[in-house]
Ligand SMILES: Cc1cc2nc3c(=O)[nH]c(=O)nc-3n(C[C@H](O)[C@H](O)[C@H](O)COP(=O)(O)OP(=O)(O)OC[C@H]3O[C@@H](n4cnc5c(N)ncnc54)[C@H](O)[C@@H]3O)c2cc1C
Ligand SMILES: Nc1ncnc2c1ncn2[C@@H]1O[C@H](COP(=O)(O)O)[C@@H](O)[C@H]1O
C-alpha cells in the first residue's frame, strides 16, 4: 500500500452573490456577516474527494481550511458534509481587512501547522480558481510561493500517478490547452470545468456533526496582530462606490423594426 | 518621474493590450520592459516608439517550467530597474505572475485595474463589476494587473527615441515548478482576441446553438464572438469564448448580449463594457437591468435585420 495522502482544501466564506453585496465602513470592506461556501471552492472540495476516492486508501485525509469570521465555520461545515474529514478555522478579529498578501501568509502558516497537527506532511493543497468576493486569484500562487511548492493554476483536469509522487493536470489558456506535470507536494487551483460538485446526503450531514474542527488565532500560528488584517496588508482601499445604474437605459419592444433600432443606436453612439 | 516596469508575455509583436501597458507606463515616467525570450527586431523598434529605455531578457531560453521562470525574470528586472510600479496584463496567467512576484518583492498587488494615476492610486472594479474602488499599495513597489481596454491609445504619438538597450539576466530559479509536457493550439480565428476586442457579440442558450447571426454582426462591427457558460456547456462553442466569472473578463466599447439572461456570473465578465446592448425575448431578463439599449425580441429576427441595416448604411 502507498503512503496515506494528506490533502488540504482551502474554502472561503463569502457573501452570497445572489444577494445584494456591499462594501461599507472606513476603510471599506465587504460585509461578510452572512455568507456561504464560495461556489468555486466546491470544485476544489470535490476534486480532493475524487482524488482520494480513486485511491481507496482509508488513511487518506481531506482537510478543509478557512480563514474568516465566525460565520466561516459554515463554509467548513459544508466541506465536512461534502466529505472532508476535518476542518481548521483561523479565527481572529485582528484578521479583518486582510489583503491577499496577508491571507496567503496566514494560510501558509496554517498549512504548516496542519502538517504538525496531523503528524504528516501535506501532499497537496487544492483551492478554487478565485474567491467569488475577492476575485483576485492571487492567493493560490502566493501560497505556493510562500510554501516553496510547485503550483498548477487553473487546472481543468487533475490526476495523481499511482504512487502519488506526481500529478498531471490540464490547463486551458486563451490560445492553447496545456498538459502539465508537477511533483508533489504541490498547490493546485481548479476551475469549474474539472467536475460537478456533489450534494451532501442526509447520512453525510449527520456524520459531519462528529467531525473535528480545530480553531486557531493568529497568535497560535505565530503571527502577531501587526502582521495581519489592515495593519499587515500591503494594499489599502481608499474609497468604494457602487456602479451607477444605467439609468439612461432604453427598452424597445421589437415590433418588426428592432434590428433597425439596434443599428441606429450603434450609429448614434458612434460605435460603427 | 516614476520608473515603471512592464512585463510582457511575448517577444514577438505587440498586441493592443501590450500597447496599453506601454502607454500607461510612458505616462508615469521612464519605462523598462521584460520580455520572455530573445526580442524580435520589430519588437525592439516598436518599443523604441514607446520610449522604452531598457528591455530585460532571460540569458537563456526559459524552458518548459510553468509560471516560475516568468516570475524569476520579472523579479530580476524589477530589482535591477528599481521600478516603483510593475505593470502586467489582465489575463489569468499574468495575474498568477503578478501574485507570486508580489510575494518576492514584498509588494502589494492590485488586480483588475482600469486606471492608475500619477500617485499610483489604482481604480479597480470589484464584486462582479458592481462596485468600483480606488486603492493603493502601502509597499515601496506596486504590482498592478491591468484589465484590457482600459487605456485610450488614440493620442499616442510614437517617440523618436533610439532602440532600447537590452539587459540579459541569468535566472536559474530553485523554486519547484510544474512543467508543461504537452501543448495543443486552439484553432486560430480571424476575429480580434476576445479579451481586447473593441466590440464583443456574445450568445447564450437563446441562440439555440446557431451562432451564425452573431458572427455576421461581429464581422460587420469588427468584433469578437463570446458566449455564456450555458452555450459553452451545451458544446455550441469552445470554452475559450466563455465570458464571465469563470471565463474571460472583457471590457469592450460595445457588448451585444444575445439570448443571455444576464446571471451574476455572466455579468462579472462584462459589466465594465462602455455600452451594453441586449437582445432577449423575455422582457423580465435581468440583462435588461444593465443594458443601455434593450431590444425585447427574437434574436433570429433582430440580428439579421440589424446586420442588413448596417450594411445598407455603409454602402
Ligand atoms: C460556479 C459557476 C460559474 C459560472 N460561471 C459563468 C460564466 O463564467 N459565464 C456565464 O455566462 N455563466 C456562468 N455561470 C452560469 C450562470 O449562472 C448562468 O447559468 C448562465 O450565464 C446562463 O446562460 P444563458 O444566459 O445563456 O442561459 P439562460 O439563463 O437559459 O438564458 C437564456 C436566455 O435566452 C433568452 N432567449 C431564448 N430564446 C431566445 C431568442 N430566440 N431570442 C432572444 N432571446 C432568447 C431567454 O429569454 C433567456 O433569458 C456560472 C455558474 C456557476 C454556478
Ligand atoms: N480567507 C480564505 N480562506 C480560505 N481559503 C481562501 C481564502 N481566501 C482565498 N482562499 C482560497 O484561494 C482561492 C482564490 O482566492 P482569491 O485569491 O481571493 O481569488 C479561493 O478559491 C480559496 O480556495
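FYI, it's all coordinate maths here, none of it is from the lab. Computed from a predicted structure; not experimentally measured. Backbone-built Cβ (ideal geometry, glycine too); neighbour counts: all protein chains shown.
Show me A:6-15, A:210-219 ranked by packing, highest mean number of other Cβ atoms within 10 Å first.
A:6-15, A:210-219
How much of the pair distance distribution for segment A:1-160 lies past 30 Å, counting alpha-carbon pairs only, in percent?
More than 30 Å apart: 12 percent of the Cα pairs in segment A:1-160.
Averaged over its residues, how many other protein chain Cβ atoms are within 10 Å of peptide B:89-96's Cβ atoms?
Mean partner shielding for this stretch: 4.
Taking the beta-carbon count within 10 Å as an exposure proxy, list A:78, B:134 from fewest neighbours to most.
Listing A:78, B:134 from fewest to most nearby Cβ atoms yields B:134, A:78.
With N set to the residue count of segment B:199-314, report its C-alpha Rg divided by 2.2 N^0.38 Å to two decimal places.
0.94
Using DSSP, restrict attention to beta bridges with both residues in chain A and report what percent are antiparallel, rounded to the nearest 5.
40
Can you compute the label reach from residue B:115? Point 7 Å from Cα along the Cβ direction, backbone N cut-off under 19 Å, restricted to segment B:153-168.
The answer is B:153-156.
Within 10 Å of each Cβ in peptide A:43-55, how many partner chain Cβ atoms are there on average? Round it to a whole number, please.
The shielding value for this peptide is 0.
May I ask you to sort A:156, B:315, A:137 by Cβ crowding, counting other Cβ atoms within 10 Å and putting the fewest first?
Arranged by neighbour count, lowest to highest, A:156, B:315, A:137 become B:315, A:156, A:137.
Take peptide B:250-263, look around each residue's Cβ out to 10 angstrom, count Cβ atoms belonging to other protein chains, and average those counts.
Per-residue shielding by partner chains comes out at 1.
Kindly state, as a whole number, the per residue volume in cubic angstrom of the convex hull around the alpha carbon atoms of segment A:166-272.
Convex hull of Cα atoms, per residue: 369 Å³.
Rg/Rh for segment B:74-150 to two decimals, with Rh computed the Kirkwood way over all alpha-carbon pairs.
0.95
How big is the antiparallel share of DSSP beta bridges in the protein assembly as shown, given as a percent to the nearest 5?
Antiparallel bridges make up about 35 percent of those DSSP assigns within the protein assembly as shown.
Highest GNM mean-square fluctuation, chain A, Cα pairs closer than 10 Å: which of A:261, A:61, A:198?
Of A:261, A:61, A:198, the most mobile in the Gaussian network model is A:261.
What's the center-to-center distance, using Cα atoms, between segment B:12-85 and segment B:138-187 in Å?
Between the Cα centre of segment B:12-85 and that of segment B:138-187, the gap is 5 Å.
What ranking do B:88, A:63, B:43 get, fewest neighbouring Cβ atoms within 10 angstrom at the top?
Exposure proxy ranking, most exposed first: B:43, A:63, B:88.
Can you tell me the length gained on complete extension of the stretch residue A:26 to residue A:226, counting 0.36 nm per residue apart and subtracting the Cα distance?
Going from the current span to full extension adds 70.2 nm.
Could you pull the Rg and Dmax for segment B:213-258, using just the Cα atoms, both in Å?
Cα only, segment B:213-258: 10.5, 28 Å (Rg, Dmax).
Would you mind computing the Rg to Rh ratio of segment A:195-251 from its alpha-carbon coordinates, Kirkwood style for Rh?
Result: Rg/Rh = 1.27.
Please compute the modelled spin-label separation between residue B:282 and residue A:253, points set 7 Å along Cα→Cβ, answer in nm with one decimal.
1.8
Taking the 0 to 90 degree range and rounding to the nearest ten, how far is the long axis of helix B:212-221 tilted relative to the main principal axis of chain B, both from C-alpha atoms?
60
Among A:262, A:234, A:65, determine the one that fluctuates most according to a GNM of chain A built with springs between C-alpha atoms less than 10 Å apart.
With Cα springs under 10 Å in chain A, the top fluctuation among A:262, A:234, A:65 is at A:262.
According to the square roots a ≥ b ≥ c of the eigenvalues of the Cα gyration tensor, what is the shape class of segment B:4-169, taking rounded for a/c under 1.5, prolate for a/b larger than b/c otherwise, and oblate for the remainder?
Judged from the Cα gyration tensor, segment B:4-169 comes out oblate (a/c at least 1.5, b/c at or above a/b).
Any idea what diffusion coefficient chain B gets from Stokes-Einstein, in µm²/s, Kirkwood Rh on alpha carbon pairs, 10 °C, 1.306 mPa s?
77
GNM, chain B, Cα, under 10 Å: largest mean-square fluctuation among B:271, B:284, B:245?
Among B:271, B:284, B:245, the largest mean-square fluctuation in the Gaussian network model of chain B belongs to B:284.
Among bridges DSSP assigns within segment A:1-97, what percent are antiparallel (round to 5)?
Restricted to segment A:1-97, the bridges split so that about 30 percent are antiparallel.
I need the semi-axes of the equivalent ellipsoid of the protein assembly as shown: take the C-alpha gyration tensor, multiply each eigenvalue by 5, square-root it, list largest first in whole angstrom.
38, 31, 23
Please compute the modelled spin-label separation between residue A:176 and residue A:53, points set 7 Å along Cα→Cβ, answer in nm with one decimal.
3.3
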